[in-house]
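To keep things clear, I will list the structure first and then write my remarks on it.
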Amino acid sequence: MTPIGRKILELLALKQIAFERIQHAPAETCFDSSALRGHPQSIGGKSILFKSQHGFVMIVLAAHLRIDSGKVRHYLKSSKLRFASKEELFNLAGVVKGALPPFGNGLLDIEMHLDRSLCDNQHIAFNCGVLTESVVLKMEDYLSLISAPWCDCAATELDTSI
């Protein structure tokens, strides 16, 4: 368990929030994670870390959708935008690619924004800082734990990468 994973579980216990903790084989993609959890991919929270001209930013969207980097660039008012490298991800969050949980703006010192695609879900599922453990909780409980602005950065097409 990573430090961020422990912080998330401690926060859920402190706030007395019910959740499901699922141990599974390593899952690097949202598709793999959802299959191993036995839940629809759409309830997954896909956390993507970007580096803009203003710094690092996490965008969280429904896992069955792709991110539209043009929309992100426009939303952030940033002419420069790229995905964070594996090294930057590890240095900032202490996790590997695929394990970044949707908890910036507090538990992680990373600016975070939520895509409106999450509004369609009653639950959210995510890897809890490692590729072998997931957490599932009610969306309303998740939203009570975080403070982040809403954005519209998801692409209209589904994420079909496997």
Under a GNM of the chain (C-alpha, springs under 10 Å), which listed residue has the highest mean-square fluctuation: 146, 124, 43? 146
Relative contact order, percent, of the range 3-158 when contacts are C-alpha pairs under 8 Å separated by at least 6 residues? 31
So for the range 66-134, using the alpha carbon gyration tensor with a ≥ b ≥ c as root eigenvalues (a/c under 1.5 gives rounded; past that, a/b versus b/c decides prolate or oblate), I'd call it oblate
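Rounded to the nearest 5, what is the percent of antiparallel bridges among the DSSP beta bridges in the chain?
75
When the helices in the chain are scored as -39500 (n - 2.57) per DSSP H run of 4 or longer and the sum is shared across all residues, what 222 nm value do you end up with, to the nearest 500 deg cm²/dmol?
Details: 5 runs with 43 residues, N = 162.
When only DSSP H runs of four or more count, the value is -7500 deg cm²/dmol.
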For the range 84-162 and the range 23-66, distance of Cα centres in Å: 6
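If we count every other residue with Cβ under 9 angstrom of residue 18's Cβ, Lys/Arg +1 and Asp/Glu -1, where does the sum land? Write out the running numbers ahead of the final one.
Numbers: positive: 138; negative: 20, 141.
For residues surrounding residue 18, the net value is -1.
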Cα pairs beyond 20 Å in the chain, in percent, come to 45
So how do 50-56, 125-131 stack up, highest first, on mean other-Cβ count within 10 Å? 125-131, 50-56
Please list, in order along the range 93-103, the HN-Hα scalar couplings obtained from phi with the Karplus expression 6.51 cos²θ - 1.76 cosθ + 1.60 (θ = phi - 60°), rounded to whole Hz, x for Gly and Pro. 10, x, 10, 8, 4, x, 10, 6, x, x, 9
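Here, each number is a calculation from the coordinates, and none is a lab measurement. Keep in mind that what you see is a predicted model, and the values were worked out from it rather than measured. Methodologically, a virtual Cβ is constructed for each residue, glycine included, from the backbone with ideal geometry; neighbour enumeration extends over all protein chains shown.
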